[in-house]
1. Filter the range B:61-80 for residues that are part of a loop (DSSP other than H, G, I, E, B) and out of contact with any Leu (no Cβ under 9 Å at 6 or more places or on another chain); which is surrounded by the most Cβ atoms within 10 Å (Cβ to Cβ)?
2. For residues that are in contact with a strand residue (DSSP E or B) (Cβ under 9 Å, 6 or more places away or on another chain) and crowded, with 19+ Cβ neighbours inside 10 Å, tally how many sit in the range A:33-48.
3. In the range B:207-260, what residues are of a type outside the set (S, T, N, Q), at negative phi and touching a helix residue (DSSP H, G or I) at 6+ places or on another chain (Cβ under 6 Å)?
4. Restricting to the range A:203-217, what's the tally of residues that are within 14 Å of another protein chain (Cβ to nearest Cβ) and either free of Cβ contacts under 8 Å to residues at least 24 places away in the same chain or not in a loop (DSSP other than H, G, I, E, B) (or both)?
5. Out of all the residues in the range A:152-179, which are within 19 Å of A:GLU212 (Cβ to Cβ) and within 11 Å of chain B (Cβ to nearest Cβ)?
6. What residue, among those in the range A:3-23 that are closer than 19 Å to A:PRO172 by Cβ and modelled with pLDDT of 95 or more, is surrounded by the most Cβ atoms within 10 Å (Cβ to Cβ)?
7. If a residue has to be buried (at least 17 other Cβ atoms within 10 Å of the Cβ) and not hydrophobic (A, V, I, L, M, F, W, C) to count, how many in the range A:202-222 make the cut?
8. Can you find a residue in the range B:81-95 that is farther than 28 Å from B:LYS11 by Cβ, modelled with pLDDT under 80, surrounded by 11 or more Cβ atoms within 10 Å (Cβ to Cβ) and over 22 Å from the mean Cα position of the chain (by Cα)?
Amino acid sequence: MAKVIVITSGKGGVGKTTTSASFSSGLALRGNKTVVIDFDVGLRNLDLIMGCERRVVYDIINVINGEVSLKQALIKDKNCDNLFILPASQTRDKDALNLEGVARILEELKQSFDFIVCDSPAGIESGAFMAMYFADEALVVTNPEVSSVRDSDRILGILAAKSKRAVEGLEPVKEHLLVTRYDPKRVNAGEMLSVTDIQEILRIPLLGVIPESESVLKASNSGTPAIHLDKSDVADAYRDVVGRFMGEDLPMRFIAEKAGFLKRLLGGR
Amino acid sequence: MSIEVPAFKIKTGTLPVLQLHILTTDMAQLKEQLALRLKLTPDFFASTPIALELSAIAESATGLDYAELAAFMLEHGMCAAGVVGGSAEHRAAAVQAGLGLFTEAPARNIPKREAVPAVTANQAVELHEQPELPGFSAVESENQPADQATPGMPPARPTMVIDKPVRTGQRIYAEGGNLVVLAIVNAGAELIADGDIHVYAPMRGKAIAGAQGNEAARIFVQGMEAELLSIAGCFKVFEDGIPENVRGKPAQVHLEGSRLLIQPLTH
């Protein structure tokens, strides 16, 4: 049975789209037939991060309005054979989405895909609501700072109260915490919340920690999901996240501060 | 303008009251047996207010002379205060005789006890706009139907139990009863109850107990980190943090006069 996973956060700029791109790529790299949907209608970004912006002809709104078939709108990823992208519309706004249309698209996608990853827009308005409503599982992307944690808490509350699973009294949406842009050095300096602090507030299982890295920006600008980067902590961290999501028991990396050259030479602290 | 010192206060309270279950409408038999019983313990009922329980004779068409019964009881140190149960005719006759009417115990009104609704955070009220908090407008309680013929406790509602985290933006209202939360309550969440509030986890949000003006309501918290605490409209915010002696610790909150007291639970 196909799984619908929403990548959400409440707050903007925390790494939802970056995570959507890398997470869906990671699932596909493991042989799962995966589709990633951009729900950020009007502020289309996922296609840029995936490097397929020049191939976008039709989008999710065209499909919802019945102007084209789903097959026509899906774009095959350039890096993974098993991955498809359903882009958002750039010229419309989020009111063009409706629950019936989204339900129809998801039902059709479930016939041929293992995982459907929904990249939610920021906020708690209709676009975010549409993205999360049908979710079976949720990746809550959080930065180690209080406002992001507060917004994630809000999103978790909405998931628990307003998602389809909650409304219909089914088993609740499975929640995963993903901490991004984590900088152990600044955590130790007391400038950032620690993973423990975040978990103490949100109290949902930790799926992974993605370290802060300049390579994410470079990857985004070049249209390559960060998980494809060579020799990168971020790529390793995303691969771990996918592994844990698939049920593997992997130790949590990138939480501790990297030992500097001198420290390593002199044998730690 | 001088503030007038209040001469009285009207409050509800639950007091234990003895009930005399009347099983017959035969006044002679009743008096005889009562006299016999009261002779055994002459001073036992010294001025004790008694409620006459009439449900056993509710079906009986013949009434009782309540004035006569009350006078007889008074001779023996029992003070008939009112009646409970019985038919409309019985109750009317009792009022005629100067007796009060007790409202029936809630359990008697509800033929089958309602199952405690297992309300979870899933079903919690999810509000985007913030209407006026009931706890901040004590006058609201005056809008309650005050034309009840007799004083009496409103029927108690079952306790609402929440076993999922209460997250920012969520509001839970236990109308007419107590609220028990078994999971974390985060900053920006609101708990409201007309009765008491219990939180058996860290409590970082707002807790508003006695929202309809019940000054006897209390708040019990296992880890006190609240943003706001309120009882019967008397509230406190913690701009400079929670007092050291209760911060993060088990604590209870109650009203003393118009002062909100937060005390550590030390036992």
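The values are calculated or read from the model by the stated rules, or taken from the named source; none is laboratory data. Since this is a predicted model, take the numbers as computed values, not measurements. Neighbour counts run over all protein chains shown; Cβ positions are idealised from the backbone, glycine included.
1. Start the filter on the range B:61-80 by keeping residues that are part of a loop (DSSP other than H, G, I, E, B), which leaves B:61-65, B:76-77.
So of that shortlist, the ones also out of contact with any Leu (no Cβ under 9 Å at 6 or more places or on another chain) come out as B:61-63, B:65.
Numbers: B:ALA61: 8, B:THR62: 9, B:GLY63: 17, B:ASP65: 13.
Only one residue tops the list, namely B:GLY63.
2. 11
3. Applying the first criterion (of a type outside the set (S, T, N, Q)) to the range B:207-260 yields B:207-211, B:213, B:215-221, B:223-229, B:231-244, B:246-251, B:253-257, B:259-260.
If we keep only those that are at negative phi as well, we get B:207-209, B:211, B:215-221, B:223-229, B:231, B:234-240, B:242-244, B:246-247, B:249-251, B:253-256, B:259-260.
Correct list: B:ILE208, B:ALA211.
4. Of the residues in the range A:203-217, the ones within 14 Å of another protein chain (Cβ to nearest Cβ) are A:203-205.
Adding the requirement that they be either free of Cβ contacts under 8 Å to residues at least 24 places away in the same chain or not in a loop (DSSP other than H, G, I, E, B) (or both) leaves A:203.
The total comes to 1.
5. Going through the range A:152-179, the residues within 19 Å of A:GLU212 (Cβ to Cβ) turn out to be A:152, A:177-179.
Residue satisfying the conditions is A:SER152 alone.
6. Our first condition is that a residue be closer than 19 Å to A:PRO172 by Cβ; within the range A:3-23, this holds for A:3-10.
When the remaining residues are screened for being modelled with pLDDT of 95 or more, the result is A:3-9.
Values: A:LYS3: 18, A:VAL4: 23, A:ILE5: 24, A:VAL6: 29, A:ILE7: 28, A:THR8: 31, A:SER9: 27.
Among them, the one singled out is A:THR8.
7. Going through the range A:202-222 one residue at a time, the tally reaches 6.
8. no
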